[in-house]
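Written out below as structure tokens is the structure these notes cover.
The values are calculated or read from the model by the stated rules, or taken from the named source; none is laboratory data. A quick note: this is a predicted structure, and the numbers were derived from the prediction, not measured. Neighbour counts run over all protein chains shown; Cβ positions are idealised from the backbone, glycine included. Surface accessibility is based on the protein's heavy atoms, side chains included, excluding ligands, DNA and RNA. Shrake-Rupley method; radii C 1.70, N 1.55, O 1.52, S 1.80 Å.
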Amino acid sequence: MSECIFCKIGAHQLQAMVVYEDTEILAFRDINPQAPVHILIIPKKHYSSPNDFAEADVALMGKLMLAAKTIARQEKLADRGYRLVMNCGQDGGQSVAHVHLHLIGGRQMSWPPG
């Protein structure tokens, strides 16, 4: 996706404050953080929304979660707790049409979130 901002970040065509990277996943600090720690975890391959995942993507979905766990430890959030959020579609709050998992922490979270 040549116009997708997250694809450009994943391909290192745009700068971001990267906190984690492997061959399939990139994680970087959100430019509009909603908590002291707010990191976006993306697959480097473009998926517009979680609705685009197929059975063949199960391993990648698991890798997103394991990357979140690794980053939470790295950010010293694992013991205190953190929130993982993946929005889907306009009503779900998805503002960028590229799958991304929010890792949010560093403060007490409230419920309900919306």
Problem set entry | Of all residues making up region 74-89, the number that are of a type outside the set (S, T, N, Q) and within 16 Å of the chain's Cα centre (by Cα) | 9
Exercise. Taking only pairs six or more apart or across chains, which ones have beta-carbon atoms under 9 Å, a first residue in region 99-114 that is free of Cβ contacts under 8 Å to residues at least 12 places away in the same chain and over 19 Å from M65 (Cα atoms), and a second residue that is of a type in the set (S, T, Y) and open to solvent by less than 20 Å² (accessible area, probe 1.4 Å)?
Worked result: none
For this session: Could you grab me the full set of residues in region 81-101 that are of a type in the set (A, V, I, L, M, F, W, C) and under 18 Å from L26 (Cα atoms)?
Result: L84, V85, M86, V96, A97, V99, L101
Exercise. With (1) out of contact with any helix residue (DSSP H, G or I) (no Cβ under 9 Å at 6 or more places or on another chain); (2) touching a residue at least 12 places away in the same chain (Cβ under 8 Å); (3) of a type in the set (D, E) as the list, and D22 as the residue in question, which single condition is left unmet?
Worked result: (1)
For this session: Please give the strands (runs of 3 or more DSSP E) falling wholly within region 17-74 in which 2 or more residues are polar (S, T, N, Q).
Result: none
For this session: Could you run through region 59-96 and say how many residues are of a type in the set (V, I, T) and under 19 Å from W111 (Cβ atoms)?
Result: 1
For this session: Mind counting the residues in region 75-84 that are in contact with a helix residue (DSSP H, G or I) (Cβ under 6 Å, 6 or more places away or on another chain) and either of a type in the set (S, T, Y) or part of a loop (DSSP other than H, G, I, E, B) (or both)?
Result: 2
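Yes/no matrix, rows are residues, columns are (1) hydrophobic (A, V, I, L, M, F, W, C); (2) in contact with a Gly (Cβ under 7 Å, 6 or more places away or on another chain); (3) at pLDDT 95 or above; (4) open to solvent by 20 Å² or more (accessible area, probe 1.4 Å):
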site	(1), (2), (3), (4)
D30	no, no, yes, yes
I42	yes, yes, yes, no
G62	no, no, yes, yes
M65	yes, no, yes, yes
For this session: Look at region 50-80 and say how many of its residues are without any contact (Cβ under 8 Å) to a residue 24 or more places away in the chain, under 16 Å from A27 (Cα atoms) and touching a Phe, Trp or Tyr at 6+ places or on another chain (Cβ under 9 Å).
Result: 1
Problem set entry | In region 79-114, the residues that are in contact with a Gly (Cβ under 9 Å, 6 or more places away or on another chain), more than 24 Å from F6 (Cα to Cα) and open to solvent by less than 80 Å² (accessible area, probe 1.4 Å) | G81, M109
